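Comments concern the structure below.
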Amino acid sequence: MSGGVEARPQPAARARGSARVRGSARPAFGRPLPGDSVLHRRDPVVKLAVLLVICLVLTAVTDPVTPAVLYLLTWPVALAAGRIPAGTLLRAHLLFVAFAFSLLMVNAFTRPGQAVAHVGPAAISAEGLSIGAGLAIRTLFIGVASVTFVFTTDGARLMTSLHQHLRLDGRFAYAVLAGYRLLEQLPETWATIRAAQAVRDPRRRGISRSPRALTRAAFTLLVTSLRRAERMSIALETRGLGAGRRTIAAPSPLGRADALLAGTALVSTAVVLYASWQAGTLRGLGALGVFG
């Protein structure tokens with residue numbers, strides 16, 4: 001400002017600043033947890049391939065012991081190699097715990113077998129409990145492994161790696177990256193809209209949380225996002241999206257550390273499966289009565 005007068009931040013600007021401060025402690029959409037770790041530095045395609053292979057193999061396992069061992073092994077990997085706070089990892093379990101509990105209850109009450117308890121007219125079978133526990137623990141393992149991948153993988157780097165190593169079509173990769181950027185801006189845009197609502201009504205202390213105010217803010221957010229997406233699509237088309245070969249600004253090279261990560265994870269899974277088979281606890285899909 002001229003004359004040496006210092007400009008005071010407006011309420012909307014203060015809200016945006018506080019939103020940045022609050023959001024710095026947790027990952028935004030498509031962004032990993034802040035910080036650096038072994039898993040943060042590994043190539044996203046390698047981590048995604050390892051995750052898919054292990055999860056696909058584990059879908060054929062129905063006993064509770066094998067996924068429980070893998071689940072317990074995943075925790076130190078997430079805490080030490082991924083540097084994910086234990087509280088953050090526990091909170092991410094909430095949705096998976098609800099689904100796992102439903103699998104346990106459905107199988108315990110519906111599968112035939114020797115009854116171990118009765119709840120009213122319904123009987124809980126030992127076979128149902130065993131299979132339900134296996135499916136539930138498997139759900140928890142897949143959940144914690146997926147959350148670890150999300151919290152240690154940058155969305156933009158993932159799309160770059162898919163485009164670089166798996167030859168993903170550039171038009172799709174650029175469009176997804178643009179969508180990531182758009183979704184990342186939603187929390188900040190929402191905070192700005194809500195701060196603007198508070199400024200328009202100086203008689204009210206704080207930001208209104210009435211249904212009408214929230215509905216108007218949601219509609220404004222929708223319109224703003226649609227207009228921003230339209231401008232983004234026009235910009236991509238103007239710059240020749242998909243027209244010819246493109247260079248990669250920040251390539252994601254593969255190295256020995258990526259091969260070591262993949263080998264360690266796959267070998268560890270194979271060792272757990274072999275040990276479970278030798279101990280006689282490993283059971284496959286045949287226990288479900290679907291494949292004989």
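Laboratory data are not the source of any read-out in this text; all were calculated from the coordinates shown. Every value quoted in this text rests on a predicted model; they were computed, and no experiment measured them. For neighbour counting, all protein chains shown are included, and Cβ atoms are generated from backbone atoms with ideal geometry for every residue, glycine included.
Here are the numbers for the structure shown:
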{"item": "Listed peptides 248-261, 141-154 by packing density, highest first (mean Cβ within 10 Å)", "result": "141-154, 248-261"}
{"item": "Amide hydrogen neighbours beyond the local backbone of I124, cut-off 5 Å, H modeled", "result": "V116, A117, H118, V119"}
{"item": "Stretchable slack from T215 to L52, in nm (0.36 nm times residue separation minus alpha-carbon distance)", "result": "54.7 nm"}
{"item": "Cβ crowding within 10 Å averaged over residues, with 111-124, 70-83 ranked highest first", "result": "70-83, 111-124"}
{"item": "In Hz, Karplus ³J(HN,Hα) per residue of the stretch 249-263 (6.51, -1.76, 1.60; θ = phi - 60°; x = Gly, Pro)", "result": "5, 10, x, 10, x, 8, x, 5, 5, 5, 5, 5, 4, 5, x"}
{"item": "For the stretch 267-281, 3J(HN,Hα) per residue [Karplus equation, 6.51 cos²θ - 1.76 cosθ + 1.60, θ = phi - 60°, Hz, x = Gly/Pro]", "result": "5, 4, 5, 5, 5, 5, 5, 5, 5, 5, 5, 5, 7, x, 9"}
{"item": "Förster radius 30 Å - calculated FRET efficiency between V150 and L222, Cβ distance, rounded to 0.05", "result": "0.75"}
{"item": "Per-residue ³J(HN,Hα) for the stretch 42-47, Karplus 6.51 cos²θ - 1.76 cosθ + 1.60, θ = phi - 60°, Hz, x for Gly and Pro", "result": "6, 5, x, 5, 4, 5"}
{"item": "Spherically averaged projected area in nm², based on the convex hull that wraps the Cα atoms of the stretch 42-187", "result": "11.4"}
{"item": "Globularity ratio of the stretch 160-238, using Cα Rg and 2.2 N^0.38 Å", "result": "1.51"}
{"item": "Estimated FRET transfer efficiency when R0 is 41 angstrom, pair L254-W277 (beta carbons, to 0.05)", "result": "0.80"}
{"item": "Sequence ranges 169-180, 226-237, ranked by mean other-Cβ count within 10 angstrom, highest first", "result": "169-180, 226-237"}
